[in-house]
1. Tally up the carbon and sulfur contribution to the accessible surface of the chain as a whole percent, 1.4 Å probe, everything protein left in place.
2. Stretched out fully, how many nm does the piece from residue 13 to residue 101 gain, at 0.36 nm a residue minus the Cα gap?
3. Which of the peptides 39-50, 71-82 is most tightly packed, and how do the rest follow, going by the mean number of other Cβ atoms within 10 Å of each residue?
4. May I ask you to compute the full-extension gain from residue 84 to residue 116, defined as 0.36 nm times their residue separation minus their alpha-carbon distance, rounded to one decimal in nm?
5. Could you derive backbone 3J(HN,Hα) for the range 86-98 from the dihedral phi with the Karplus parameters 6.51, -1.76 and 1.60 (θ = phi - 60°), listing whole Hz in sequence and x where the residue is Gly or Pro?
6. To the nearest 0.05, what FRET efficiency results for residue 44 and residue 108 with a Förster distance of 22 Å applied to their C-beta separation?
7. May I ask you to give the solvent-accessible area per residue for the chain, in square angstrom, as obtained with a 1.4 angstrom probe?
8. Where the only charges are on Cβ atoms (+1 Lys, Arg; -1 Asp, Glu), what is the dipole of the chain about its Cα centre, to the nearest 20 debye?
Amino acid sequence: QVQLVESGGGLVQAGGSLRLSCAASGNIFSINDMGWYRQAQGKQRELVAGITEGGMTNYADSVKGRFTISRDNAKKMAYLQMNSLKPDDTAVYYCNAEVTTGWGRRYNLYWGQGTQVTVSS
């Protein structure tokens with residue numbers, strides 16, 4: 001099995017920073033794309049940032065210039081550095097990853113359990 005575990009969430013004042021981490025473990029042969037999503041109360045889950053295995057990134061317009069996604073392929077980790085946080089960034093943040101468990105096998109999408117980020121005004 002494959003597991004993704006997020007950490008680093010918490011309560012922060014507007015203008016502050018947090019760094020989220022996502023650790024992948026289990027029967028992993030290779031990880032393709034990884035991403036961070038968020039879901040605010042009463043809203044749909046939305047993409048925050050994504051990163052390919054080669055390091056190409058994309059961001060939601062709402063976080064461009066404030067958030068930075070990165071990954072460490074050797075450690076099977078992804079990170080989300082969040083600066084200049086706003087109350088609108090309050091949400092549960094989820095990590096996902098496209099993982100294959102063996103050569104030639106299909107990639108499956110896995111999700112973490114989420115970590116709460118609360119930004120107070």
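1. Working: 3050 of 6670 Å².
C and S fraction of accessible area: 46 percent.
2. Values: separation 88, 0.36 × 88 = 31.68 nm, distance 4.05 nm.
Taking residue 13 through residue 101 to full extension adds about 27.6 nm, to one decimal.
3. On the way: 39-50: 13.2, 71-82: 17.4.
Put in order of decreasing packing, that is 71-82, 39-50.
4. Length difference between fully extended and current span is 9.8 nm.
5. Listing the rounded values in order: 10, x, 5, 7, 4, 4, 8, 9, 10, 9, 9, 8, 8 Hz.
6. Approximately 0.50, to the nearest 0.05.
7. Each residue of the chain exposes 55 Å² on average to a 1.4 Å probe.
8. Values: 12 positive and 9 negative charges, 17 e Å.
My answer is approximately 80 debye.
The values are calculated or read from the model by the stated rules, or taken from the named source; none is laboratory data. The model shown is predicted, which means the values in this text are computed figures rather than measured ones. Neighbour counts run over all protein chains shown; Cβ positions are idealised from the backbone, glycine included. These accessible areas exclude ligands, DNA and RNA; they are computed on the full protein's heavy atoms, side chains included. Shrake-Rupley method; radii C 1.70, N 1.55, O 1.52, S 1.80 Å.
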